[in-house]
1. Quick one: is Leu78 among the hydrophobic types (A, V, I, L, M, F, W, C) and more than 12 Å from Val3 (Cα to Cα)?
2. Mind listing whichever residues of region 51-70 are part of a strand (DSSP E or B) and either acidic (Asp, Glu) or exposed (fewer than 12 other Cβ atoms within 10 Å of the Cβ) (or both)?
3. Scan region 66-81 and report the pairs whose first residue is over 13 Å from Asn28 (Cα atoms) and without any contact (Cβ under 8 Å) to a residue 60 or more places away in the chain and whose second residue is open to solvent by 60 Å² or more (accessible area, probe 1.4 Å) and outside any helix (DSSP H, G or I), with Cβ atoms within less than 6 Å and a gap of 6+ or a chain change.
4. Look at Phe18 and say whether it is aromatic (Phe, Trp, Tyr), in a helix (DSSP H, G or I) and under 11 Å from Asp2 (Cβ atoms).
5. Taking region 23-47 on its own, how many of its residues are assigned to a loop (DSSP other than H, G, I, E, B), more than 11 Å from the chain's Cα centre (by Cα) and free of Cβ contacts under 8 Å to residues at least 24 places away in the same chain?
Amino acid sequence: VDVFQAWCGPCKPVVNLFQKIRNEVGSNLHFAVAEVDSIDALEKYRGQCEPVFLFYTGGELVAVVRGADAPLLQKTILKQL
(Lines give C-alpha, C1' and ligand atoms only; values in the text may rest on other atoms or scores of the structure.)
Protein backbone atom coordinates (compact mmCIF):
# COMPACT_ATOMS: atom_id res chain seq x y z
CA VAL A 1 0.00 0.00 0.00
CA ASP A 2 1.43 3.37 -1.03
CA VAL A 3 0.43 5.63 1.88
CA PHE A 4 0.28 9.33 1.00
CA GLN A 5 -1.20 12.69 1.99
CA ALA A 6 -3.32 14.75 -0.39
CA TRP A 7 -0.80 17.63 -0.44
CA CYS A 8 1.97 15.24 -1.55
CA GLY A 9 0.17 12.69 -3.70
CA PRO A 10 0.96 9.02 -4.28
CA CYS A 11 4.41 7.99 -5.43
CA LYS A 12 3.53 7.42 -9.08
CA PRO A 13 7.01 6.39 -10.32
CA VAL A 14 6.92 3.36 -8.02
CA VAL A 15 3.80 2.04 -9.75
CA ASN A 16 5.98 1.04 -12.72
CA LEU A 17 8.30 -0.91 -10.41
CA PHE A 18 5.35 -2.79 -8.88
CA GLN A 19 3.94 -3.56 -12.33
CA LYS A 20 7.31 -4.88 -13.52
CA ILE A 21 7.69 -7.14 -10.49
CA ARG A 22 4.09 -8.33 -10.76
CA ASN A 23 4.67 -9.31 -14.39
CA GLU A 24 7.73 -11.29 -13.30
CA VAL A 25 6.25 -13.07 -10.25
CA GLY A 26 2.56 -13.44 -11.10
CA SER A 27 -0.67 -12.33 -9.53
CA ASN A 28 0.26 -12.71 -5.84
CA LEU A 29 1.26 -9.05 -5.73
CA HIS A 30 -1.43 -6.39 -5.30
CA PHE A 31 -0.71 -2.65 -5.26
CA ALA A 32 -2.99 -0.06 -3.65
CA VAL A 33 -2.83 3.57 -2.62
CA ALA A 34 -4.32 5.06 0.53
CA GLU A 35 -4.68 8.70 1.56
CA VAL A 36 -3.88 8.96 5.27
CA ASP A 37 -6.10 12.01 5.80
CA SER A 38 -9.20 9.97 5.04
CA ILE A 39 -8.31 6.73 6.90
CA ASP A 40 -8.16 6.93 10.70
CA ALA A 41 -6.16 3.69 11.02
CA LEU A 42 -3.29 5.37 9.11
CA GLU A 43 -3.17 8.48 11.30
CA LYS A 44 0.37 7.74 12.53
CA TYR A 45 1.66 8.26 8.98
CA ARG A 46 0.28 11.82 8.66
CA GLY A 47 2.61 14.79 8.42
CA GLN A 48 5.51 12.93 6.84
CA CYS A 49 7.10 14.22 3.68
CA GLU A 50 8.28 10.85 2.38
CA PRO A 51 6.34 8.04 0.79
CA VAL A 52 5.60 5.08 3.03
CA PHE A 53 4.95 1.59 1.66
CA LEU A 54 3.13 -0.92 3.84
CA PHE A 55 3.31 -4.62 3.07
CA TYR A 56 0.49 -6.89 4.22
CA THR A 57 0.20 -10.66 4.17
CA GLY A 58 -2.98 -12.34 5.31
CA GLY A 59 -4.31 -9.00 6.57
CA GLU A 60 -1.29 -8.37 8.83
CA LEU A 61 1.36 -5.69 8.42
CA VAL A 62 4.63 -7.54 7.74
CA ALA A 63 7.00 -4.81 6.49
CA VAL A 64 7.31 -1.04 6.10
CA VAL A 65 9.57 0.82 3.67
CA ARG A 66 10.00 4.57 4.08
CA GLY A 67 11.09 6.53 1.03
CA ALA A 68 11.02 5.71 -2.68
CA ASP A 69 14.11 3.50 -2.60
CA ALA A 70 13.45 1.25 -5.62
CA PRO A 71 16.13 -1.39 -4.80
CA LEU A 72 14.89 -1.67 -1.19
CA LEU A 73 11.27 -1.86 -2.33
CA GLN A 74 12.10 -4.61 -4.82
CA LYS A 75 14.08 -6.55 -2.19
CA THR A 76 11.22 -6.24 0.32
CA ILE A 77 8.59 -7.31 -2.22
CA LEU A 78 10.54 -10.38 -3.26
CA LYS A 79 11.31 -11.30 0.35
CA GLN A 80 7.64 -11.06 1.33
CA LEU A 81 6.49 -13.09 -1.66
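1. Against the criterion (among the hydrophobic types (A, V, I, L, M, F, W, C) and more than 12 Å from Val3 (Cα to Cα)), Leu78 qualifies.
2. If we filter region 51-70 for residues that are part of a strand (DSSP E or B), which is where we start, we get 52-57, 60-66.
Answer for region 51-70, where residues must be part of a strand (DSSP E or B) and either acidic (Asp, Glu) or exposed (fewer than 12 other Cβ atoms within 10 Å of the Cβ) (or both): Thr57, Glu60, Leu61.
3. Hits for this filter: Arg66/Glu50; Gly67/Glu50.
4. Details: aromatic (Phe, Trp, Tyr): yes; in a helix (DSSP H, G or I): yes; under 11 Å from Asp2 (Cβ atoms): yes.
For Phe18, the condition - aromatic (Phe, Trp, Tyr), in a helix (DSSP H, G or I) and under 11 Å from Asp2 (Cβ atoms) - is met.
5. Within region 23-47, residues that are assigned to a loop (DSSP other than H, G, I, E, B), more than 11 Å from the chain's Cα centre (by Cα) and free of Cβ contacts under 8 Å to residues at least 24 places away in the same chain number 3.
The values are calculated or read from the model by the stated rules, or taken from the named source; none is laboratory data. A quick note: this is a predicted structure, and the numbers were derived from the prediction, not measured. Quick reminder, even Gly has a Cβ in these numbers, built from the backbone with ideal geometry, and neighbours come from all protein chains shown. The area values use the complete protein model at the heavy-atom level, side chains included, leaving out ligands, DNA and RNA. Shrake-Rupley method; radii C 1.70, N 1.55, O 1.52, S 1.80 Å.
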